[in-house]
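K.L.:
Right, I'll just put the structure down here and ask away after.
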Amino acid sequence: MPEKKSHTKAKLKRIKSLEPDLETDIIKLHVSCLGYQPSSVTCKFLDTGDLYLLMEGIYSPPETFLASSGYHQTARRVRCKVNQILKRKLEALLLEHLNQSPNSISLLKPERSAELNFLAYLPIESL
C-alpha cells in the first residue's frame, strides 16, 4: 500500500507542476476566443487530482454594457452561452496538457459576479 501512495504522490507532484502552463494557456484561450484577457486565472490541482479553476474579470465589454443598460437577462444568457463554449474548449485544453479528458467539468456558482469557477474531475489513478 505505501508503494501506491508514493506513486500517487509522484503523480500529484507532476500534475501540480503543470498549473502555471495551464494558467497561461487558459488566458491565451480566453483572449483568442473572446478578444480580451481575464484579470486573473488560477489553476489548482487538488489532492484528489481534480482541477479547480478560477477566472476573474471575465465579463466582456458587451456583457457589461447590456447589464448596465438594464438588460440583465440578456447579459446572463450571453454569459451562459460563452461559458458553455469555454467549457468545451477547456476540456480540449486539458486533454492536450494531460493526455486525458476529464470525467466531467462542473461550473460552480461564483462567489462574486465577475468570476467563473470550474471543477474538472480527473481521476488521479489515470493521470
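The values are calculated or read from the model by the stated rules, or taken from the named source; none is laboratory data. Because the structure is a prediction, the values reported are computed rather than measured. When we count neighbours, we look across all protein chains shown, and the Cβ atoms used for this are built from the backbone with ideal geometry, even at glycine.
K.L.:
Considering only residues that are over 9 Å from the mean Cα position of the chain (by Cα) and within 22 Å of Ser39 (Cβ to Cβ), look in segment 95-127 and name the one that is modelled with the lowest pLDDT.
P.N.:
If we take residues in segment 95-127 being over 9 Å from the mean Cα position of the chain (by Cα) and within 22 Å of Ser39 (Cβ to Cβ), then Arg112 is modelled with the lowest pLDDT.
K.L.:
List every residue pair whose Cβ atoms sit under 9 Å apart, with the two residues 6 or more apart in sequence or on different chains, where the first one lies in segment 72-91 and is without any contact (Cβ under 8 Å) to a residue 60 or more places away in the chain and the second, anywhere, is among the hydroxyl-bearing types (Ser, Thr, Tyr) and surrounded by 11 or more Cβ atoms within 10 Å (Cβ to Cβ).
P.N.:
Going by the 9 Å Cβ cut-off, the qualifying pairs are Ala75/Tyr59; Ala75/Thr64; Val78/Ser60; Arg79/Tyr59; Arg79/Ser60; Val82/Ser60; Glu91/Ser101.
K.L.:
If you don't mind, there's one more thing I want to ask. Closer than 19 Å to Ile105 by Cβ, polar (S, T, N, Q) and not in a strand (DSSP E or B): does that describe Thr8?
P.N.:
no
K.L.:
From the list Leu51, Leu22, Leu46, which one is among the aliphatic types (A, V, I, L, M), surrounded by fewer than 17 Cβ atoms within 10 Å (Cβ to Cβ) and closer than 18 Å to Ser106 by Cβ?
P.N.:
Result: Leu46 is the single residue among Leu51, Leu22, Leu46 that is among the aliphatic types (A, V, I, L, M), surrounded by fewer than 17 Cβ atoms within 10 Å (Cβ to Cβ) and closer than 18 Å to Ser106 by Cβ.
K.L.:
Within the group Ile58, Ile27, which residue is within 22 Å of Leu119 (Cβ to Cβ), modelled with pLDDT under 90 and among the β-branched types (Val, Ile, Thr)?
P.N.:
After ruling out the rest, the residue left standing is Ile58.
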